[in-house]
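The values are calculated or read from the model by the stated rules, or taken from the named source; none is laboratory data. The structure displayed is predicted, hence computed values, not measured ones. Please note: Cβ atoms are built from the backbone with ideal geometry, for glycine as well, and neighbour counts cover all protein chains shown. Accessible surface areas use protein heavy atoms only, side chains included; no ligands, DNA or RNA. Shrake-Rupley method; radii C 1.70, N 1.55, O 1.52, S 1.80 Å.
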Amino acid sequence: MENLFRLFDQDQGFFKRKWTLVNGPLIVGAGPSGLATAACLREQGVPFAVLERAECIASLWQKRTYDRLKLHLPKQFCQLPKLPFPEDFPEYPTKKQFIEYLESYAKRFDINPKFNESVQSARYDETSGFWRVKTVSGANKKEFEYICRWLMVATGENAECVVPDIEGLADFGGEVIHAGEYKSGQTFKGQKVLVVGCGNSGMEVSLDLANHNASPSMVVRSSVHVLPREVLGKSTFELAALMMKWLPLWLVDKILLILAWLVLGNIEKYGLKRPQTGPLELKNSKGKTPVLDIGALEKIKSGDVQVVPGIKRFSRGQVELVNGQKLDFDSVVLATGYRSNVPSWLQEGEFFSKNGFPKAPFPNGWKGNSGLYAVGFTRRGLSGASSDAMKVAQDIGKAWKQETKQQKKRTTACHRRCISLSQL
């Protein structure tokens with residue numbers, strides 16, 4: 001990758017400022033979104049550079065996921081552009097298999113990120129027409145600046161853990177971790193564990209705890225859609241995608257809820273109230289993903305996982321719920337989700353909103369102004385990120401080829417003029 005940079009050092013006495021002019025676009029983030037973008041650019045013949053704050057690709061998958069995790073959707077909906085999953089992979093690849101796939105993907109397309117490069121700020125310089133991206137790297141926090149024509153934000157929807165401010169949590173005394181730190185229920189064997197959150201992570205952590213002989217209680221403070229992962233051996237997601245080709249969204253939602261009732265039964269009697277809005281409409285409008293059940297509901301029905309209402313406050317080894325009930329717990333797992341970290345470093349307010357997502361709704365949230373792009377903020381998982389990556393690469397590929405052509409013309413004209421002058 002070094003041949004993609006022109007490196008300049010400027011020494012002024014004891015002061016040294018190091019900066020790099022990137023030959024091509026700069027991609028921030030080496031997760032699935034960044035890798036997909038890099039691969040598509042490679043196919044377009046466009047050079048690029050990738051920055052990653054961790055020391056590995058797909059750091060969320062490698063460092064902040066639990067051991068039992070599998071892809072929630074069939075592999076054909078999760079593969080990145082230009083490279084399908086190996087045929088011998090199961091329909092729902094494991095965490096380990098998905099990481100292997102991403103590593104082989106990076107190798108296949110010769111993607112070599114600059115690791116341990118944490119972006120501190122990025123702003124567009126109106127005077128020069130370039131983006132200026134400042135980073136710190138390594139244990140000594142070495143400062144660096146990248147200058148580029150095109151900036152691609154691929155840091156993802158889940159860059160930072162969300163930790164709620166709950167009264168008394170600091171005084172609880174027992175272990176309190178975010179789901180991003182959770183690995184296995186083996187650590188909590190025999191303990192009473194409060195799982196705060198009832199999304200896919202909360203459900204799966206509760207299931208894993210129950211399977212490891214812990215006693216989990218799951219906080220459900222709002223309504224939630226729970227759908228079977230499969231219906232009659234077919235992926236629920238695949239069925240929904242097929243129906244959406246022929247039927248309106250509201251009707252597909254109705255059919256999904258009927259199928260969920262037939263397969264799962266009435267879940268409201270277990271404390272899981274469904275929202276008034278259908279699962280697909282809610283996903284499109286609010287970005288709230290329905291839970292795809294892989295066994296947690298059976299544990300709830302059997303009583304191995306307890307469902308409790310919202311939290312009022314914590315105290316030493318205890319939680320008080322909004323219904324006045326007080327329960328003792330040994331540990332707490334906060335399955336309270338993640339958020340984008342874009343507002344903390346990108347100095348721009350037209351394309352991205354304050355919540356770290358593009359202002360324009362899908363499918364128009366991939367291109368901003370002045371060479372700014374976003375990949376992986378569609379709230380549509382890996383398939384949405386792949387769609388963004390292909391659009392971005394095609395757009396930049398077109399601009400790159402035009403500029404290359406113009407540069408050749410200028411070079412040829414200059415060469416001819418030099419020849420003419422030499423003959424005078």
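Points worth noting:
- Cβ-based net charge around Gly349, under 13 Å, with every Lys or Arg adding one and every Asp or Glu removing one: +1
- Within the shell defined by Cβ-Cβ distances under 10 Å, the residues around Val305 carry a net charge of 0, with Lys and Arg each +1 and Asp and Glu each -1.
- Order of exposure, largest accessible area first, which applies to Tyr101, Tyr124 with probe 1.4 Å: Tyr124, Tyr101
- Separation in nanometres of the label points that stand 7 Å from Cα toward Cβ, at Asp330 and Ala360: 5.3 nm
- Per-residue accessible area (protein heavy atoms, 1.4 Å probe) orders Leu247, Leu256 as Leu247, Leu256, starting from the largest.
- Between Lys141 and Lys96, the FRET efficiency estimated from the beta carbon spacing at R0 = 45 angstrom works out to 0.85.
- Principal-axis tilt of helix 249-264 within the chain, Cα atoms, nearest 10 degrees: 40 degrees
- The chain - percent of accessible surface contributed by carbon and sulfur, probe 1.4 Å: 50 percent
- His212 contributes about 50 Å² of solvent-accessible surface, heavy atoms of the protein only, 1.4 Å probe.
- For the residues Lys18, Lys301, Lys405, a GNM of the chain with alpha-carbon springs under 10 Å puts the largest fluctuation on Lys405.
- Looking at region 186-267, the trypsin sites (Lys or Arg not before Pro) that sit in a DSSP loop and have at most 13 other Cβ atoms within 10 Å of their own Cβ are Lys189, Lys245.
- Between the C-alpha center of region 133-164 and that of region 341-387 there is a gap of 15 Å.
- For region 163-337, the spread of Cα coordinates along the three principal axes comes to 55, 29, 29 Å, biggest extent given first.
- Taking every DSSP bridge with both residues inside region 163-337, close to 30 percent are antiparallel.
- Computed extension gain for Lys273 through Lys254, at 0.36 nm per residue and net of the alpha carbon distance, reaches 5.2 nm.
- DSSP beta bridges in the chain [antiparallel fraction, %, rounded to 5]: 55 percent
- Legend: distances between Cα atoms for Lys70/Lys288; Lys141/Lys391; Lys141/Lys288; pairs beyond 27 Å are Lys141/Lys391; Lys141/Lys288.
- Each of Lys82 and Cys161 was given a label point 7 Å from its Cα along the Cα-to-Cβ line. The distance between the two points is 3.5 nm.
- In the chain, helical runs assigned H by DSSP with n ≥ 4 each contribute -39500 (n - 2.57); averaged across all residues and rounded to the nearest 500, the mean residue ellipticity at 222 nm is -9500 deg cm²/dmol.
- For Asn23 and Ser285, the FRET efficiency from 1/(1 + (r/R0)^6), where r spans their Cβ atoms and R0 equals 30 Å, is about 0.15.
- Given their separation in residues at 0.36 nm each and the Cα-Cα distance between them, Glu55 and Asn266 gain 71.3 nm when the chain is fully extended.
- Accessible area of the chain divided out per residue, in Å², using a probe of 1.4 angstrom: 51 Å²
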